[in-house]
Structure formats: structure tokens, C-alpha cells
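Beneath this line is the structure, given in C-alpha cells, with notes to follow.
The values are calculated or read from the model by the stated rules, or taken from the named source; none is laboratory data. Computed from a predicted model, the values in this text were never measured in an experiment. Don't worry about glycine lacking a Cβ; one is built from the backbone with ideal geometry, like all the others, and counts go over all protein chains shown.
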């Protein structure tokens, strides 16, 4: 395992705390399961005794042990056939009680595991939603999905099949050992002599399995990431004819997963044979020695039969515990991977006494703001911007200069590493995240639509919007004209990410969302960059309606989009290089003027 991976491992105490925290709400169910398991175990321990009564006391004419003389009460004058009938009835009762306890154990154990898995999934997803976008800049979505699905399922299986089973198997071993000592002290010592070798073997085995499981889960996550990326990019893959390249990527990671799985299985497969050989040696010794004692009349056949039965029952939970080493190793790896997400501290912090803003006027001030995505690499340096309520601000500059970063800091998608950002004179870190973001509307370059109806996608701007509000927003966004022509109108399903719609149509639905949100601050990030001239005209008309009475910040590469702004800010190399209206910056004759003239010539050449 790599050093990097070792450093990322969560401490065992943290994992135990996570498990305890997840199962604690279901304490009552766990107590019921424990009682059911205990009853099931006791019935299992009692099961061989009716056979012993038949062999030794009915057939063998041995006197009943004092502690089961109550059996005589079931028969007329102590008749042997009455004893046999009593033993038979006892066997049925033991089986029925054990079966009922087994049902309760099985059903409620599965219930706990399902609810625990549900809780963990929701907890992880809730935590992921609170993380800064910087986390998603450095982590593959496919690997995150793998943790939420596969690792949570592994933990669920552990809770369902192993968690209380470990405790009950331990109790069963102790109970059977006690009964074996009662039946024959020397034979019990033979059984105990094998135990240290089993413990040593299983301990070493578990450590090695855990290492291999880490490798396997990492390979499975890589495969998940390749699949997710490929399926999301199917149009690009087809456009470039790179199907074979993508298939080779999957083939590589899939084979690595197969090899890791077989390597793990090779080790896992050794466990059962090794334990079985140890068990058979122990049973053979007891069988050989027991036969000699029976021949010498030092041991009854019934006692030997019951002892051998208990010996099998003793090694059954021993084998189960040994096999559970696999489950424990797998669950530990999965819990570590879940814990790594839950312990990620790139959360956008919210103060305990954070303010929920009423309604912003729209004043935004940047004071000496500095920002870096990675330590040492500054994207913004000492940025100072003053935006008055209701102003339309355009932000432009060379690619990679930090334009979009400025817009991302206002809703706190990222937090500035230095300086202050104020809205209506209050530091944005003093607002609740929900309250802050709830008063900022967005229209992005690539409007993301979700799989669902057009109506649902527009209503995403405000979930509780009425039907009339949705229709009015669509009209203002110039979207109703194409929506009405669709097969089912507002109930028409759009493909994932809105692939069934054109770029202009997606943008207009995005604008309808923003209209429905009715936020006092509006951020437009390259809203028309990917549109043709005709679509841009329709979208700009819709944007004009949207921008009325709001503070608007438009990030633009196409300068014609922002030429009528009240103020234009030019960002270059992370600093505010120029500031003023269109005419002022043209007269200045520097960065903005140069970019404007270049684009004007390009437009003239096209026409």
C-alpha cells in the first residue's frame, strides 16, 4: 500500500465511534435482536440433549441425570417410551422456539442494516453538499459515487450479517466450552489446545486481507470513475470517434480490478480449508480417544455422541468468526473510505450566530480580496471593487485572469483567503449560507437541466412556485414559445443535462429559473458565449427583462454583452487592471480597447 494511502487511513477509534453512532438510534431493536440471538443460541445448545436421553436413558438403560429428572413427570410411572415421547416433544419445542427466535433475529437485523445504510448515505450526501467546490475540483465524482454506493452497501452487509453475530458466536463458544468441560474435561482441553493456532492464523489473515481489500476498492473506484466519465461524455466520444480509446481505458482498469479481486479471493479461499483441517484433526483425536473410553466403559455412547455434536457446534461459530475476518476487513476498509469523506474539512463554515438576511439592497464591496485555489498559487490579489445597488457591472479580461473566480466568491462557493467581501455593509461570512445564496440568482454559460419535465426544471428556481408563476417566468424568458410547441408542453421530459434542447433553449429555461427566484443580485457568467447570433438576440431580450431593478454582475468574453454596463472591470493576472464605462475604457486605449477592437474586426470579417 502506498504511503499516501496509509496516511489517509482513519484511526480505529474513529471507525468504532462511527459504527456506534450509526446503530445507537436503533438500540431497542438491537436489544430485541440480541435476545432473539441468545434464545436461538440456547436452543442450539439444547438441541443434542433429546438424542442423549434416547441413546443413554431409553435405549442404554442409564439413569437420568438429576438436572433432567423432570422428564419423568411426562410419562406414566417412568416408562421408557414415555421418556422417548418426552424427548421427541422436547426436540420439537426446542426447534420451534429456535425457529421463531431465528425469524425475529433475521427480520430485525435486516431492518437495522437497511436503516443504518440509509442514514449513512444521507449523512455522506449531506456532508458532500456542504463542502467547498474546491473539493470537487480535486476529486473524481465516480470515486465519490463508489463510496456512497458500494462502500455503504458493504457496511450494510456487515451490520446485517456480522455485527451481532460476532458477539453471539463468542457467547456460543463459551457456552459450548462449558458444556464440553461438563461432559469430559480432558476432551475439552484438546479442543482448547487448537484455539491459539486458530487465533494466530486468523489475525495474520485479517491484516493481509485488509491490505488487499484497500487495493481492490481503489481499483473498483477507478473503474467506476472511468464508466461515469465515459457515459457522461458519450456525445463527445461519438463526435471524435474515440470509442476504442475509451473502451481501452475501461479494459485497463477493469483488468486491474479483476486481478485485484482474484488476488484477494486467492487469500480468502485459504481460510476455510486451513480452519477445516485444524478442526478435523481435533475431531479425529476426540473420536479416537473417545472410542477407547467407550470400549473401556469409561464413557457412554450418548455422552460421546453429544460431545461430538458439541464439538461440531463449537467449531461452527469458530469457523464463522474466522470467516468474519473477511467481513471485518472489508467493512473496515469501507468505513475508512466513508470516514475520509466525513472528515474532509473543506466545508464552507457558517457561524453559530449567523444572520439570515431579509432582502438585500444589492451593494457589493470587495476589500483587498485575495484568493488561491492551492496554497501559494494566487488567482486574485488585493482586488477592490465597489458595486452600488441596482448597478450593472461587466467583468472581462484575458482567459485565466480570475473573472469567474470573482463571481464564485460572492455566493461563497469558495471563501476568500484574504480581505473582505461585504453585501449591504456586512461581511458575507456573517450571513447564513442559505440566506446568502437564496438572494443571488445565476445564469451560467452552460445551464444544467435535470432529468424531468420542463415545468420541474423551471420550478427548480423556487420549489414552491405556483403554476401561474412558472408560466409567467417562462413568458418573460421568451421560453414559452418553444415550450408550447413541444409534444407535451410543460410536461415534456428533457434528457439528462437537457441534451434534447438547444443551447438557446436551455439558456432561456435557465433565465426563467432566475426570474422565478426573483433575487436582488444576479450573476451572469458568460450567458451567451456558446450561442449563435440569432439565439443570442432572443436570450439577450430575456436577460434585459430579468435585469430590471437588480444588481447585475455579468462575466463576459464577448464584450458586446457588457458594453452598455454602468461600469466595466477588467481583470488581468488576478488584479483589477482597468475600471470605467465603455467609452472611458475605449479612450484609455489599453487592455479593454485592444480586446474590443480585436473582436470588432473579427465580427466585421464574419459579416
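Listed here are the residues, each with its yes/no results for (1) more than 26 Å from residue 169 (Cβ to Cβ); (2) in the same structural domain as residue 146 (by TED's automatic domain parsing); (3) at pLDDT 85 or above.
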residue	(1), (2), (3)
60	yes, yes, no
66	yes, yes, no
90	no, yes, no
122	yes, yes, yes
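Quick grid of which residues meet (1) crowded, with 22+ Cβ neighbours inside 10 Å; (2) assigned to a loop (DSSP other than H, G, I, E, B); (3) in contact with a helix residue (DSSP H, G or I) (Cβ under 8 Å, 6 or more places away or on another chain):
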position: 539; (1), (2), (3): yes, no, yes
position: 543; (1), (2), (3): yes, no, yes
position: 557; (1), (2), (3): no, yes, no
position: 576; (1), (2), (3): no, no, no
position: 585; (1), (2), (3): yes, no, yes
position: 593; (1), (2), (3): no, no, yes
Can you list the strands (runs of 3 or more DSSP E) lying wholly within region 354-436 that have 2 or more residues being modelled with pLDDT under 90 and over 30 Å from the mean Cα position of the chain (by Cα)?
377-387
How about region 503-536: which of its residues are over 15 Å from residue 448 (Cβ atoms), part of a loop (DSSP other than H, G, I, E, B) and at pLDDT 70 or above?
518, 519, 520, 528
Name the residues in region 123-154 that are without any contact (Cβ under 8 Å) to a residue 60 or more places away in the chain, part of a helix (DSSP H, G or I), under 15 Å from the mean Cα position of the chain (by Cα) and closer than 26 Å to residue 405 by Cα, would you?
125, 126, 129, 136
Of everything in region 87-118, what is surrounded by 16 or more Cβ atoms within 10 Å (Cβ to Cβ) and out of contact with any helix residue (DSSP H, G or I) (no Cβ under 6 Å at 6 or more places or on another chain)? Give them in sequence order.
115
What is the one condition in (1) within 21 Å of residue 132 (Cβ to Cβ); (2) buried (at least 21 other Cβ atoms within 10 Å of the Cβ); (3) in contact with a helix residue (DSSP H, G or I) (Cβ under 7 Å, 6 or more places away or on another chain) that residue 402 does not satisfy?
(3)
Would you say residue 157 is assigned to a helix (DSSP H, G or I) and closer than 19 Å to residue 42 by Cβ?
no
May I ask you to list the residues in region 443-459 that are at pLDDT 85 or above and within 19 Å of residue 518 (Cβ to Cβ)?
455, 456, 457, 458, 459
Give me the residue from region 495-528 that is in contact with a strand residue (DSSP E or B) (Cβ under 7 Å, 6 or more places away or on another chain) and farther than 17 Å from residue 538 by Cβ and, out of that set, surrounded by the most Cβ atoms within 10 Å (Cβ to Cβ).
523
